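So the structure is just underneath, and the comments pick up after that.
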Amino acid sequence: MDDDFDEFIKDLPSVNQKDIKQLSAMERNDFIDTVFQDYEFTLEKKMNPKIIRYYRDVLVKLIKTYGH
């Protein structure tokens with residue numbers, strides 16, 4: 001099961017704070033919405049808890065940083 005998670009994480013595109021800061025407010029909002037949709041999908045499909053936690057943590061960080 002951990003191998004699936006490691007493969008999944010390896011295939012994710014990397015996004016850093018600098019890239020996100022350069023987005024317009026609308027683009028940032030769309031990005032956060034996309035991450036939220038991915039998070040909901042992982043919950044719906046009852047994926048590996050580590051994958052669900054990964055998306056939740058990313059979403060929380062994005063909202064805390066840019067959701068104000």
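The values are calculated or read from the model by the stated rules, or taken from the named source; none is laboratory data. Because the structure is predicted, anything quoted here is derived from the model rather than measured. Neighbour counts are summed over all protein chains in view; Cβ atoms, including those assigned to glycine, are modelled from backbone coordinates with ideal geometry.
Kindly establish whether T65 is in a helix (DSSP H, G or I), exposed (fewer than 11 other Cβ atoms within 10 Å of the Cβ) and out of contact with any His (no Cβ under 6 Å at 6 or more places or on another chain). Criteria not met by T65.
The set of residues in the range 1-25 that are part of a helix (DSSP H, G or I), at pLDDT 80 or above, over 15 Å from the mean Cα position of the chain (by Cα) and not hydrophobic (A, V, I, L, M, F, W, C) comprises K18, K21.
Kindly check whether there is at least one residue in the range 26-34 that is more than 9 Å from the chain's Cα centre (by Cα), of a type in the set (S, T, N, Q) and assigned to a helix (DSSP H, G or I). Scanning the range 26-34, I find at least one residue that is more than 9 Å from the chain's Cα centre (by Cα), of a type in the set (S, T, N, Q) and assigned to a helix (DSSP H, G or I), so the answer is yes.
Looking only at residues of the range 28-63 that are under 15 Å from V15 (Cβ atoms) and among the basic types (K, R), we find that the one that is modelled with the highest pLDDT is R28.
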